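Sharing a structure below in structure tokens format, with a few things to ask.
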Amino acid sequence: AQHMNHCLPVSQQARGATVLRMSGGQAMGSTTSLKAKNVLGGELQSCCRKDEAGELVKPITGFYRDGVCNTGPTDTGRHVVCAEVTQEFLTYSATKGNNLMTPAPMYGFPGLKPGDRWCLCASRWKEAYDAGCAPSVILEATHANVVGFGITLEMLQSKAVQADDTN
């Protein structure tokens, strides 16, 4: 079977997923696992920064728009790499047909700017890594199954930034 890159700027693929609204306006996809692991073996952490009150700072990322780089059967793009995007990466992604900078209000997508944290498709991050323009990653918020996409822990560690600035 041919591998297709379904990495879209918004969660257009999530239309079939059940989304539940929790207090605080966060969304939680019913197919997410509360016990998902990160690449370091610990519990998968939020990819979003948090404000002083502990609320997620927009843009709220994740395939299920719950702030977590979780995945499930409807996430064909595997949005599992928590990245802090750079202008270089955003420009690169746009040249590959995935303009993450342009807002798409009909999907609730605000558009990204350098410094935003976003759950990227594993294949796009690897493609950018191979091209020399992969953005930094937050290991504690990157899903463990990223290794199934030709991405090694060493690759991720070479681009890692500290997660403690998420609070």
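What number comes out for the charge environment of D116, summing +1 per Lys or Arg and -1 per Asp or Glu over other residues with Cβ under 12 Å away?
Values: positive: R49, K58, K113, R117; negative: E84.
Taking every Cβ under 12 Å from that of D116, the sum is +3.
Continuing with this model, one more query. Which lysines, if any, have their Cα less than 23 Å from the Cα of K50, not counting same-chain residues under 8 positions apart?
The qualifying lysines are K35, K37, K58, K113, K159.
How large, in percent, is the carbon and sulfur part of the accessible surface of region 25-167 at a probe radius of 1.4 Å? Don't jump to the answer; show the numbers that get you there.
On the way: 3380 of 6430 Å².
Heavy-atom surface of region 25-167 belonging to carbon and sulfur, 1.4 Å probe: 53 percent.
Would you please give the residues with an amide H less than 5 Å from that of S136, counting only those at least 5 places away or on a separate chain, with H modeled from the backbone geometry?
So S136 has HN proximity to E84.
If DNA, RNA and ligands are ignored and the probe is 1.4 Å, what is the ranking of S158, S46 by accessible area, most exposed first? Don't skip to the end; give the middle numbers.
Numbers: S158 75, S46 25 Å².
Result, largest first: S158, S46.
How large is Rg over Rh for region 30-120, taking Rg from the Cα atoms and Rh as the Kirkwood inverse mean of 1/r across Cα pairs?
Details: Rg = 13.4 Å, Rh = 13.9 Å.
Answer for region 30-120: 0.96.
Just to confirm, what accessible area per residue do you get for region 25-167 at 1.4 Å probe, in whole Å²?
Value returned for region 25-167: 45 Å² of accessible area per residue.
Here is a further query. Can you list the trypsin sites (Lys or Arg not before Pro) in region 59-106 that are in a DSSP coil and have 15 or fewer other beta carbons within 10 angstrom? Before the final figure, lay out the partial values.
Working: sites: R65, R78, K96; in loops: R65, R78, K96.
Sparse-neighbourhood loop trypsin sites (Lys or Arg not before Pro): K96.
The values are calculated or read from the model by the stated rules, or taken from the named source; none is laboratory data. Computed from a predicted model, the values in this text were never measured in an experiment. Glycine also receives a Cβ, built like all others from the backbone with ideal geometry; neighbour counts cover every protein chain displayed. Ligands, DNA and RNA are stripped out before the accessible areas are found, and what is left, the full protein with its side chains, is counted by its heavy atoms. Shrake-Rupley method; radii C 1.70, N 1.55, O 1.52, S 1.80 Å.
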